[in-house]
Amino acid sequence: MRVISGQYRRTVLNTLPGDNTRPTTDRIKETLFNIISEEVNGSTFLDLFAGSGQIGIEALSRYADSVTFIDNNMKATDCINDNLRKCRIEEGYTVICSDVISSLKRFKDNTFDIVFMDPPYGKGLEKEVLYILSDSNIVKNDGLIIVEADLDTDFNYISELHFTDVRDKQYKTNRHLILRKGT
């Protein structure tokens, strides 16, 4: 796993040992960032269920102004901090070791241009997060929300949350659902 493009390009990143995480492959990460490339530069970016931090680090490499990483696993946040040091990134980020749902409920003055989430599959966490995001100012109006999910995840409830479905990019085993928050 490596940083694909930008100022930290080619830096090899650490991953968490074991089967508890599913790092996004370089090919899928590159496809995602090609889709959202015009939105990243100068953005505020929220990486939920951040794992190794590779998605948020890719955003920083592509000149996002700031990235907030949230993961409830101490080993994951240690890995994120190690990867940030490996890239020699000294500012423009916050790493939070906390449950994503409770963290989002505490955010009051934080607003982001882009929210990326890659929750554990099959637990309904993406739905819980999307309901919180629809009823808050965490995502700026016209901001992007990207959900990495398995192909079987049901998103039929999206229209009631007043998000616009921008794109549903499907791969062999998973997908990126890209939504825009309405004004």
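The values are calculated or read from the model by the stated rules, or taken from the named source; none is laboratory data. Being a predicted model, the structure only gives us computed values, none of them experimental. Every residue, glycine among them, receives a Cβ derived from its backbone with ideal geometry; neighbour counts consider all protein chains shown. Just so you know, the surface numbers come from the protein's heavy atoms only, side chains and all, with ligands and any DNA or RNA stripped out. Shrake-Rupley method; radii C 1.70, N 1.55, O 1.52, S 1.80 Å.
A few notes on this one:
- Residue check, S159 of a type in the set (S, T, N, Q), farther than 20 Å from E38 by Cβ, out of contact with any Pro (no Cβ under 6 Å at 6 or more places or on another chain) and modelled with pLDDT under 90: yes
- Checking the stated criteria, N174 turns out not to satisfy the condition of being more than 25 Å from N34 (Cβ to Cβ) and of a type outside the set (A, V, I, L, M, F, W, C).
- The residue that is nearest to M1 (Cα to Cα), among those in segment 16-53 that are open to solvent by less than 10 Å² (accessible area, probe 1.4 Å) and charged (D, E, K, R), is K29.
- Members of segment 81-101 that are open to solvent by less than 40 Å² (accessible area, probe 1.4 Å) and either among the polar types (S, T, N, Q) or closer than 21 Å to L179 by Cα (or both): N83, S98, V100, I101
- Leading residue by the ranking (most open to solvent (accessible area, probe 1.4 Å)) among those in segment 104-117 that are modelled with pLDDT of 95 or more and of a type outside the set (V, I, T): D113
- Every pair of residues 6+ apart whose Cβ atoms lie under 6 Å, when the first sits in segment 54-74 and is crowded, with 24+ Cβ neighbours inside 10 Å while the second is among the hydroxyl-bearing types (S, T, Y) and assigned to a helix (DSSP H, G or I): I70/S103; D71/T77
- Residue selected from segment 68-106 under the condition out of contact with any helix residue (DSSP H, G or I) (no Cβ under 7 Å at 6 or more places or on another chain) and of a type in the set (V, I, T), by the criterion nearest to T11 (Cα to Cα): I80
- Of all residues in segment 131-159, those that are within 23 Å of Y171 (Cβ to Cβ) have Cβ atoms under 8 Å from Cβ atoms of residues that are among the basic types (K, R) and not in a strand (DSSP E or B), 6 or more apart or on another chain, in Y157/K127.
- Considered as a group, the residues in segment 126-141 that are in contact with a strand residue (DSSP E or B) (Cβ under 8 Å, 6 or more places away or on another chain) and of a type outside the set (D, E) include one that is nearest to H162 (Cα to Cα), and that residue is S134.
- Taking each residue of segment 90-110 that is part of a loop (DSSP other than H, G, I, E, B) and looking for partners that are modelled with pLDDT of 90 or more and open to solvent by less than 60 Å² (accessible area, probe 1.4 Å) with beta-carbon atoms closer than 6 Å, six or more apart or interchain, yields G92/S66; F107/I138.
- Residue count for segment 151-161 under the criterion of being surrounded by 12 or more Cβ atoms within 10 Å (Cβ to Cβ) and not hydroxyl-bearing (S, T, Y): the result is 3.
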